[in-house]
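Step one of this worksheet: look at the structure below.
What follows draws every value from the coordinates through simple rules; no lab data is involved. Bear in mind that the values here come from a model prediction, so they are computed numbers and not experimental data. Counting neighbours? That spans all protein chains shown, and the Cβs are built from the backbone with ideal geometry, glycine included.
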Amino acid sequence: MKKTLFFLYLIGFFSVAHAGYEEGMAAYEKGNFETALNELRPLAEQGDMLAQNSLAGVYANERGAARDYKQAIEWYRKAAEQGYVVAQYNLGLMYANGWGVSRDDRQALEWYRKAAEQGLATAQYSLAWMYEYRRDTVRDDRQAVEWYRKAAQQGDILAQYNLASRYEKGRGVLQDSALAAQWYRKAAEQGYVWAQHRLGGMYERGDGIPRNESEAINWYLKAAEKGFAFAQYDAGVMHAEGRGVSVDYKQAATWYQKAAEQGHGLAQYNLGVLYEQGRGVTQNATQAIEWYRKAVQRGEAAAGINLGLMYLNGESGVVQNDKDAMYWFRQAAELGDASAQYNLGIMYANGRGAPQDDMQAVEWYRKAAQQSQPAAQNNLGLMIAQGRGVTRDDEQAIIWYRKAAEQGHAAAQNNLGFMYEEGRGVGKDYRQVLAWYRKAAEQGNVMAQHNLAELYANGRNVPPDHQQAALWYRKAAEQGDELARQRLMKITEKRGTSR
C-alpha cells in the first residue's frame, strides 16, 4: 500500500507553544518556506522536539522548493530520540519508503513500534501493515491482527477495514463473518468507500448479517455516489435485476456507464448488453460494439463472444461477417473462455471465417473440453470417432462422449448409446444402449428418439414394442424427421390392419 508523507503539528501535546513556532507554521501554510525554516530552526537547535519535527516536515514536504530528505531525516531523528511520538512515526515512514536513506524495513518497524506503543493509531496501523506485507523480514499474521485491532479501536478507518478483511477471510484469526461485518460497518460509517462496498456485499449475500438487499443497495449507493467503480457496477446490477429496488434499466445503465468510464470491465460488458438489447437506453449497435470492445480489452471474454455472435449472425444491425466473428471468438478464446474456444472450433470445423481446418478445430475443442465444456467434449469425441484432424480412436471418443453425457448433454448421450450399439471402443451392451438413448430422447434429441424407436420397432435386444416405437417415432417426426414420419405411418397401418 502506497504511503504518503505524514507529519503533524500537535500543539496540544504541550502546555506552552514556543515563541516563533506559530510564526514558522503560519509562514509554512502560506508557502513561505524560507521564513518557516528561519523561524523553526533556532527552536529546533535548542532541542525543541515539536520544532524539530516541524522543521523536518518542511524539509520533507514536496511543496518545498529546497526539499532535502537528508535534513528531514536528521531532524526527525533528533525529535524521535527524545520520544516525540509523531517524529518516531515520521522517521519510520522515511525508512519504509527509502526517503533520504536506504529503504530499511527493520528500522521502519522499530520506529513504528515506538510510536505505536505510545498509542499513535496511525503508527499502530502502519506497524500492522508491516507485519502483514513487510518485505525484508518475516511476516507475522498474529502481530498484524493485534496492531490492526489497537488502531481500529481508536477509530482508524484503514485499520478497521483491514481487521474486517482478516475476519472475513480467517487470516490470523478464526474466520468470523459477523465480526467482519461489525468492523466493515465502523469504517463504512466513517465514509470509507471500500468498506461501504464490502458491507453492501455482506448484506447482499447474508454473510455474517441477515440478508437484506435494501441495505445492500443502500451501502452500494453510498460508495457509488462517491465515484467508487465497483459499487457503481453493483448498483447497476441491483437495478437491472430488481434486487432491493424496483427493476430500472435506465438507472442500471446510468451506474454501468459511470463504472464503465472508469474502466470497469464487467460494467463495460453489461452496458454493451443494454445497448445491444435497447434496455434502459436507445438500442445502438455502434455503442454496444464500442463497449464490448473496451470490455474485451479489460479481459472480459463474454464481451468477445457477444461481438462474435453479432458478426456471425448479423444481429442488431451489424453486417454479417464471418472473419470478424472469428476474430472476436479468438480474442475471447485466448482469454481462456471455454465457450469461445468451442465456438472457434466450430468455425474451423465448418470453414467459416477461415479455411476449413480439422486440426485447428480439434485443438480448440480440446481446450474447451478440458475445461469441462460439454458441447466441446461431444464434438471432440465426434472428431476423434471420425478421425477428423486426429487419428481415429474409438476408446478416446468414448471417454469424451461419456464426460459430456454425464453432464446431461443430449447429443453426447445419443452418441454414447450409438457406440455401445455398434461396439465401438466398448463391448456391445444393449442395456447401456437403451439407457443412453432414452436419456437423450427424453431431452428432446431427435436422433435419439429415432434410434430408440428403432430398437423397439425391430426388437433389437429388447422385446418388440410397437406402442413404444410409435411413441418415439411420433416425437421425432414432430421435430421434422421425415424417415421417422414414414416409419410411424407403416406402424400405424400395420396396427390398423391387424385390428
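Assuming R0 = 41 Å, can you tell me the calculated FRET efficiency for the pair Asn218 and Gln467, based on Cβ-Cβ distance, to the nearest 0.05? Efficiency for this residue pair is about 0.10. Overall, the anisotropy analysis places segment 408-499 in the oblate class: the square-rooted eigenvalues a ≥ b ≥ c of its C-alpha gyration tensor yield a/c not less than 1.5, with a/b not exceeding b/c. Restriction of the trypsin sites (Lys or Arg not before Pro) in segment 19-106 to DSSP coil positions whose beta-carbon has at most 11 other beta-carbons within 10 angstrom yields Lys30, Arg63.
The Cα atoms of segment 227-325 define a convex hull whose projected area, averaged across directions, is 5.8 nm². If you take the Cα centroid of segment 181-204 and the Cα centroid of segment 209-223, the two points sit 9 Å apart. Global size of segment 336-406: 10.9, 33 Å for Rg and Dmax (C-alpha atoms, Rg to one decimal, Dmax whole). Taking the longest Cα principal axis of the chain as reference, the axis of helix 85-97 is set at about 50 degrees. What's the angle, to the nearest 10 degrees (0 to 90), between helix 49-60's Cα axis and the longest principal axis of the chain? Orientation of helix 49-60: about 50 degrees from the principal axis. With the simple spin-label model, which puts each label point 7 Å out from Cα in the Cβ direction, the Glu81 to Gln175 separation comes to 5.0 nm.
Over segment 304-457, the Kirkwood radius and the radius of gyration, each from Cα atoms, give a ratio Rg/Rh of 1.04.
For the chain, the longest principal axis of the Cα atoms and the long axis of helix 374-386 meet at an angle of about 50 degrees. Annotation for segment 255-354: GluC sites (Glu not before Pro) lying in DSSP loop with at most 14 further Cβ atoms inside 10 Å of their Cβ are Glu315.
Computed on the Cα atoms alone, the convex hull of the chain gives a volume of 239 cubic angstrom per residue.
Note on Arg103 and Glu422: their simple-model spin labels are 6.4 nm apart, each label 7 Å out from Cα toward Cβ. Beyond a 19 Å Cα-Cα separation, which of these cross-linked pairs lie in this structure: Lys428/Lys490; Lys222/Lys294; Lys186/Lys222; Lys150/Lys222? As for pairs spanning more than 19 Å Cα to Cα, those are Lys428/Lys490; Lys222/Lys294; Lys150/Lys222.
Other residues whose C-beta falls under 10 angstrom from the C-beta of Ala301 contribute a net charge of -3, scoring Lys and Arg +1 and Asp and Glu -1. Taking other residues whose beta carbon is less than 15 angstrom from the beta carbon of Asn284, and scoring Lys, Arg as +1 and Asp, Glu as -1, yields +1. Working note: 222 nm ellipticity from helices only, DSSP H runs with n ≥ 4, each -39,500 (n - 2.57), summed and divided by the residues of the chain, gives -22000 deg cm²/dmol to the nearest 500.
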